[in-house]
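Reading through the structure tokens given below for one structure.
The values are calculated or read from the model by the stated rules, or taken from the named source; none is laboratory data. None of these values were measured; they are calculated from a predicted model. Cβ sites come from the backbone with ideal geometry, for glycine too, and all protein chains shown count toward neighbours.
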Amino acid sequence: MANVTNSLKRKLIKPMSGQMDMVFFLLTMLLLVIGLVMLFSASYANAYYLLGDSFRYIKNQMIFAVAGVAAMLFISKVIDYHIFHRLVYLMMGISLVLLVVVFFMPALNDAHRWIFIGSGNYSISFQPSEIAKFSLVVLFAHWMSINPKSTRSISGLIPYFAAMGAIMLLLIPEPHLSATVIIAVLAVIMLIIGGMNLKLLVAGAFAGVPSLLLLIFIMGKWDRLMGRVSSWLDPFLDARGDGWQTIQSLYSIGSGGLMGTGFGNSRQKYLFLPEPQNDFIFAIVCEELGFFGATLILMLFALLVWRGFVIGMQAKDRFGSYIAFGLTTQIALQVILNIAVATNTVPNTGIGLPFFSYGGTSLMMLLGQVGVLLNISRQTKPGSE
Amino acid sequence: MWLKGDTLLGKRVRLITGLFGIAFGVLVVRLFFLQVVQADMWKERATSQQLYSTSITAKRGNIYDTNMKTLAKSVTVWTVFISPAEMKAEQRELVASGLSEILDVDYDMVYDKTLKVDRYNETIKRKVDNATADLVNEFILENKIKGIYLSEDVMRYYPYDNLASTVLGFTNYDGQGAYGLEAYYDKTLSGTDGIVASVRNAKGTAMPFSEQQVFDAEDGQSLVLTIDETVQHYLEKHLENAVLEHDVQQRAVGIVMNVKTGEILGMSTKPDFNPNNYSYIYDDKTREQLEQMREEANTDQEKEAYLVALEEAQNTQWRNKAISDPYEPGSVFKLITAAAALETGAVTPNTQFYCAGFYEVAGNRISCWKNGGHGALNFGGAIKGSCNPAFIMTGHALGATRFIDYLDKFGLYGKTGVDLPGEATSIMHDKATMLNENKASLSSASFGQTFKVTALQLMVGVNATVNGGYLMQPYIVRQVLDSEGNVVSNTEPTVIRQVISAETSATVASLAEKVVSETGGSGIRAAVPGYRIGGKTGTSQKLDQEGDDTILSFYGYAPADDPEIAILVMLDEPQKNNQYGSVIAAPVVGNIFADILPYLGYEPSYTEEQLSTADIATPYLINSGLQEAQTTLMQAGLQYRVVGSGTQVVNQTPGAAMPIPGGGTVVLYTDSEAEGAQTAVVPYVIGRSGNETNKLILNAGFNIRMEGESIQHEGCVAISQSVEAGTTAEIGTVITVTFGVQGMALPE
């Protein structure tokens, strides 16, 4: 293990000559542009009524998008992903510390998910869970690449589940159901790709799911979970309360019809659908662009995932492959979960749509991760290191 | 590419790719379900929360008489209300004094309302007109008052008050047609309210970039009636007089129709009500009784009883008796029996009858109204004298089968289908029973007893006996106009069927003319000089109730040689002078004819006989009771006009023993204050036609005596008058006008 890191020591920060995957890059840029345009459309009513400035959200997001794209290109060109072999424990440590710090931060909607730095116009906020997801991917990729056999035995799996469990243990009491679920699924998928025995997985699921529920119960978040489930099964049970957001989302999606009401013409964004710029932005997309537009965007995401996997398949080593699979899986999971929530296919959990939802730091994180993926793609050709 | 050696990883990646593929597939299917399959449902629900609509009230259409005089219209009014919560304490007294003065309301009532500081809407007065509303606005501005508001409202207004009220009906508090034509044509009149639909945000405020859709209100359509305000006016005037004069208990009905078209020119039930204040009870006696009931009501039961009685009284005064209350038509119906019998040949005008004063049917004695009987008479005489036994025999000659057949053909089963609400169905003998039994019901039915039809129904049927034989569909709305006055639809006269031949009809008309025109005719009191009028009296016993209450009626038509206008007057339970129809119902019809025929453009043509009408010496009436004086005058063939409200005659014009032309009017003064008071300016009539002169002199309140040989000649005009035009004379004074062809020398 030390050999790997030491051997790469001097080459980790320098411009690379390899060609990045243009398909993945262009898909990213396309989704980012569409995402920004739709964010503007979805957010301006809320921005107008609640902030008095129709352009507030889009201006903020643009700044982060530009900075994010710059960071993405910089990372893809200069930062060799092998650097994470060295940073992996630091990152994991920072993640865990921040996940503890978050409990000392003010609650937003009864949940401690955000860390706030600074104040007023110069404040910045982010979710440590985003960093934790990335850290987990890197950590698993690191372990799986230096010891491929570790996923094949129960004893070998213990560190993986320990790391995953530690993060989840901190996420549940926040509470942050969506991040908890994503961490769990993300970890399991990485282990499946890493060669974990599927019988073991089934056994693990039998043990894991009940213990997860038990954990949620012990931590006093059971009612919250059940509330989500019941308003998922019948949102009209409490149409003015818990079911409101889901109902409004369904109204938006349904009234889009086949062709949509046209760009900018959503009515639901006028204070009916709460926070249309955030987790439920896809509902506004559906309303304005219709079934065709929504399906087209879904296909772009599917292509992006497919291309991410292609990068993973072509990576020059296991570490690159696992990071690529992990990061792509993370994006895929967020897209699927977000849209499943918007369409009330699964219970409501707060999760943003990559490239679309408002949130500067999370967009930068995402673009940074895309930068890592692109860096991996630069190193696929033999001789390009 | 390290991966080539790891087949397990390739498999696992394909597995995960497959799972993601399924997940994306599920989402697409879900979207398809929501956006395509269920789209309409979601769209509808979303729209219902996004659209905010306010309605624009459609303007209700007007109701016009046949000459476009407005009988009902909607006007803007204002409700004045205050918001005590917003009012400054130091302005309360000012508000109370200002509003009580402008709106003519109680100061304390307003002041008390200003003290309700937690209220935002305390009504001070409703239905305030524009001018008053302006004064209120001025008052608000001048004194800078906060908390007085006016809200716009629409009120239905009936410019002619009581006129045709039982026909027009009224609109309720919400502006919906509740009674009469207003109810029957409510949909036509009310139009369709418009909607302003705008997209709103969840807070209900308009969106900054939103569109607004306006669906204009479609204003109601207007009705043009066949009713003629002038005809209606005269009808009501004479009907009202009859009700007062004869103390009619169960209201009186009058209908004026065009017999050739079925148009209803006038229709009234008296007493009626003022639709501008329809809840008020207009019958003094009933109202006083109700007041007393209300005051004395202590228990809930009594209060309930009061409310029931109030409702009943209101319904009674609103009820259009002409179409809603079937009654036994009595002898007026004999014209239908006559028409059927003549048409079928069961009788001829010369068929001989003998009236012994009664007729026995199946052991029952049915009396003739004339004690001792009419003796020997022919069928024409039976009509003229309204002989019951002769008509029973006629009914028998006709037979039950044909009798029923003609009842049917004359439209007496069922309803007329007139365009008015609340029409009652006639109450007739069962056909099978009448066919099978031994002539009992046929006998009584043949002179109009033991069955009931509505006044309108009877009239439509009788019209067919004199108008050439056509049963005409009666109607009251002749035209519907849209809000801009364009014609939407016209009602054309509709012949339901020809019931009898034109010849038979002409025979009936000429026989019935003798009822009015010949000495001994039962309807002679309906005669109007200068016009040929026919008709038939009617007296019906109310057989289905205790006592000897009667319904007196008269049906008249003019001109008798080619009938066009018919009048039916029916007085239900007159208490004074309630002898026979001829005495009190016929003159009502005569008076109406005298007023409306000239108005409708029928020129009078006086016969030589009429011109030389022997003057009558006016009887001495001073100090006699009013009722007695009236009876005396009626028996003498004179009209009368009462000035004052006393019961004793204190003066008269013309004075006793002064000559007055037959049919002239004697003015009776009953109050000593009014003694010698009533005077009028004598009109200038030289150069006028006979008709115009007659109208001018009579309208001014004088009596006229026409002289001159050539009055029948064309171009004959008044050439001199006995009292000089422009001078003042007591009303009732007889003015002699001499007629001649213009330019002809005055007879020496």
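For the range B:351-358, does any single residue satisfy the condition of being surrounded by 23 or more Cβ atoms within 10 Å (Cβ to Cβ), over 30 Å from B:ASN276 (Cβ atoms) and at pLDDT below 90? Show your work before the answer.
Step one: filter the range B:351-358 for residues surrounded by 23 or more Cβ atoms within 10 Å (Cβ to Cβ), giving B:355.
Still in the running and over 30 Å from B:ASN276 (Cβ atoms): B:355.
Okay, now just the ones that are also at pLDDT below 90, so B:355.
Yes, the range B:351-358 has at least one match.
Is one or more of the residues making up the range A:205-216 assigned to a helix (DSSP H, G or I) and within 13 Å of another protein chain (Cβ to nearest Cβ)? Give the derivation first.
To start, the set of residues in the range A:205-216 that are assigned to a helix (DSSP H, G or I) comprises A:205-216.
Next cut, within 13 Å of another protein chain (Cβ to nearest Cβ) only: none.
No, the range A:205-216 contains no residue that is assigned to a helix (DSSP H, G or I) and within 13 Å of another protein chain (Cβ to nearest Cβ).
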| message | Please pick out the residue among A:ALA71, A:ALA67, A:ALA47 that is closer than 21 Å to A:LEU353 by Cβ and within 14 Å of chain B (Cβ to nearest Cβ). | response | A:ALA47
| request: Tell me, please, whether a residue that is free of Cβ contacts under 8 Å to residues at least 12 places away in the same chain, within 10 Å of chain B (Cβ to nearest Cβ) and surrounded by 15 or more Cβ atoms within 10 Å (Cβ to Cβ) can be found in the range A:234-253. | output: no
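Would you confirm whether or not the range B:383-400 contains a residue that is on the phi > 0 side of the Ramachandran plot, small (Gly, Ala, Ser) and either in contact (Cβ under 8 Å) with a residue 12 or more places away in the chain or surrounded by 20 or more Cβ atoms within 10 Å (Cβ to Cβ) (or both)?
Looking only at the range B:383-400, we keep the residues that are on the phi > 0 side of the Ramachandran plot, and these are B:386, B:399.
Then drop every residue that is not small (Gly, Ala, Ser), which leaves B:386, B:399.
Filter once more, keeping what is either in contact (Cβ under 8 Å) with a residue 12 or more places away in the chain or surrounded by 20 or more Cβ atoms within 10 Å (Cβ to Cβ) (or both): B:386, B:399.
The answer is yes; a qualifying residue exists.
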| Just one of the numbered conditions (1) at pLDDT 95 or above; (2) closer than 14 Å to B:ASN258 by Cα; (3) not polar (S, T, N, Q) is not true of B:GLU492; which one? | (1)
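Just for the range B:20-37: of the residues that are more than 8 Å from every other protein chain (Cβ to nearest Cβ) and under 15 Å from A:MET299 (Cα atoms), which one is farthest from the chain's Cα centre (by Cα)? Quick ask: steps written out before the conclusion?
Looking only at the range B:20-37, we keep the residues that are more than 8 Å from every other protein chain (Cβ to nearest Cβ), and these are B:22, B:25, B:29, B:33, B:37.
Now drop any that are not under 15 Å from A:MET299 (Cα atoms), which leaves B:22, B:25, B:29.
Working: B:ILE22: 80, B:GLY25: 76, B:VAL29: 70 Å.
The qualifying residue farthest from the chain's Cα centre (by Cα) is B:ILE22.
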| query | Is at least one residue of the range B:457-464 assigned to a strand (DSSP E or B), in the same structural domain as B:HIS374 (by TED's automatic domain parsing) and closer than 24 Å to B:LEU412 by Cβ? | reply | no
| So B:GLU142 clears everything in (1) assigned to a helix (DSSP H, G or I); (2) under 30 Å from B:ILE281 (Cβ atoms) except one condition, right? Which one? | (2)
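Could you tell me which residue of the range B:627-646 is surrounded by the fewest Cβ atoms within 10 Å (Cβ to Cβ), considering only residues that are in a helix (DSSP H, G or I) and over 30 Å from the mean Cα position of the chain (by Cα)?
Let us first name the residues in the range B:627-646 that are in a helix (DSSP H, G or I), namely B:627-635.
Next, from what is left, pick out any that are over 30 Å from the mean Cα position of the chain (by Cα): B:628-629, B:632-633, B:635.
Working: B:GLU628: 12, B:ALA629: 23, B:THR632: 16, B:LEU633: 21, B:GLN635: 10.
Looking at residues that are in a helix (DSSP H, G or I) and over 30 Å from the mean Cα position of the chain (by Cα), I get B:GLN635.
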| task | Select, from B:ALA252, B:ALA297, the only residue that is over 12 Å from the mean Cα position of the chain (by Cα) and of a type in the set (Gly, Ala, Ser). | result | B:ALA297
| said: Just checking, does the range A:293-305 include any residue being within 10 Å of another protein chain (Cβ to nearest Cβ), buried (at least 24 other Cβ atoms within 10 Å of the Cβ) and closer than 26 Å to A:ASN109 by Cα? | reply: no
| said: Within the range B:276-293, does at least one residue satisfy the condition of being surrounded by 20 or more Cβ atoms within 10 Å (Cβ to Cβ), touching a Phe, Trp or Tyr at 6+ places or on another chain (Cβ under 6 Å), at pLDDT 90 or above and assigned to a helix (DSSP H, G or I)? | reply: no
| said: I need the full set of residues from the range B:92-116 which are under 20 Å from B:ASN143 (Cα atoms), in contact (Cβ under 8 Å) with a residue 12 or more places away in the chain and outside any helix (DSSP H, G or I), in order please. | reply: B:VAL105, B:LEU115
| message | Just the residues that are modelled with pLDDT of 90 or more and surrounded by fewer than 21 Cβ atoms within 10 Å (Cβ to Cβ), please, taken from the range B:562-598. | response | B:ASP562, B:GLU564
| message | Whether any residue in the range A:309-322 is acidic (Asp, Glu) and more than 7 Å from chain B (Cβ to nearest Cβ) is what I want to check. | response | no
| request: Scan (1) more than 10 Å from every other protein chain (Cβ to nearest Cβ); (2) buried (at least 22 other Cβ atoms within 10 Å of the Cβ); (3) not in a helix (DSSP H, G or I) for the single condition A:LEU374 breaks and write down its number. | output: (3)
| task | Please verify whether the range B:414-426 includes one or more residues that are outside any loop (DSSP other than H, G, I, E, B) and at pLDDT 90 or above. | result | no
| query | Does the range A:294-318 hold any residues that are assigned to a helix (DSSP H, G or I), over 20 Å from the mean Cα position of the chain (by Cα) and either closer than 19 Å to A:GLY18 by Cα or modelled with pLDDT under 95 (or both), and which are they? | reply | A:MET313, A:GLN314, A:ARG318
| Which ones in the range B:504-555 are of a type in the set (A, V, I, L, M), in contact with a Phe, Trp or Tyr (Cβ under 7 Å, 6 or more places away or on another chain) and assigned to a loop (DSSP other than H, G, I, E, B)? | B:VAL528, B:ILE533
| query | Within the set of pairs 6+ apart or on separate chains, which have a first residue in the range B:1-28 that is basic (Lys, Arg), a second that is modelled with pLDDT under 95, and C-beta atoms under 6 Å apart? | reply | B:ARG12/A:ILE192; B:ARG12/A:ILE193
| message | Filter the range B:655-673 down to the residues that are surrounded by fewer than 20 Cβ atoms within 10 Å (Cβ to Cβ) and either among the hydroxyl-bearing types (Ser, Thr, Tyr) or modelled with pLDDT of 75 or more (or both) and list them by number. | response | B:GLY655, B:THR670, B:SER672
| field | Top-ranked residue of the range A:181-203 - restricted to ones that are buried (at least 18 other Cβ atoms within 10 Å of the Cβ) and over 22 Å from the mean Cα position of the chain (by Cα), ranked as farthest from the other protein chains (Cβ to nearest Cβ) | value | A:MET196
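Scan the range A:60-83 residue by residue and report those that are closer than 20 Å to A:THR361 by Cβ and buried (at least 18 other Cβ atoms within 10 Å of the Cβ). Give the derivation first.
Start the filter on the range A:60-83 by keeping residues that are closer than 20 Å to A:THR361 by Cβ, which leaves A:60-76, A:79.
If the condition is that a residue be closer than 20 Å to A:THR361 by Cβ and buried (at least 18 other Cβ atoms within 10 Å of the Cβ), then A:GLN61, A:PHE64, A:ALA65, A:GLY68, A:VAL69, A:ALA71, A:MET72, A:ILE75, A:SER76, A:ILE79 are the ones that fit.
Can you name every residue in the range B:43-95 that is among the basic types (Lys, Arg) and within 33 Å of the chain's Cα centre (by Cα)? Steps first, please.
Filtering the range B:43-95 for residues among the basic types (Lys, Arg) gives B:43, B:45, B:59-60, B:69, B:73, B:88, B:92.
The answer is B:LYS59, B:ARG60, B:LYS69, B:LYS73.
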| Looking at the range B:512-546, which of its residues are among the aliphatic types (A, V, I, L, M), modelled with pLDDT of 90 or more and over 22 Å from B:SER444 (Cβ atoms)? | B:ILE533
| query | Is it the case that some residue within the range A:359-375 is more than 13 Å from the chain's Cα centre (by Cα) and more than 24 Å from A:PHE64 (Cβ to Cβ)? | reply | no
| message | I'd like to know if the range B:73-88 contains one or more residues that are in the same structural domain as B:ASP186 (by TED's automatic domain parsing), free of Cβ contacts under 8 Å to residues at least 60 places away in the same chain and over 30 Å from B:GLY169 (Cβ atoms). | response | yes
| task | Go through the range B:39-62 residue by residue and tally those that are modelled with pLDDT of 90 or more and out of contact with any helix residue (DSSP H, G or I) (no Cβ under 6 Å at 6 or more places or on another chain). | result | 3
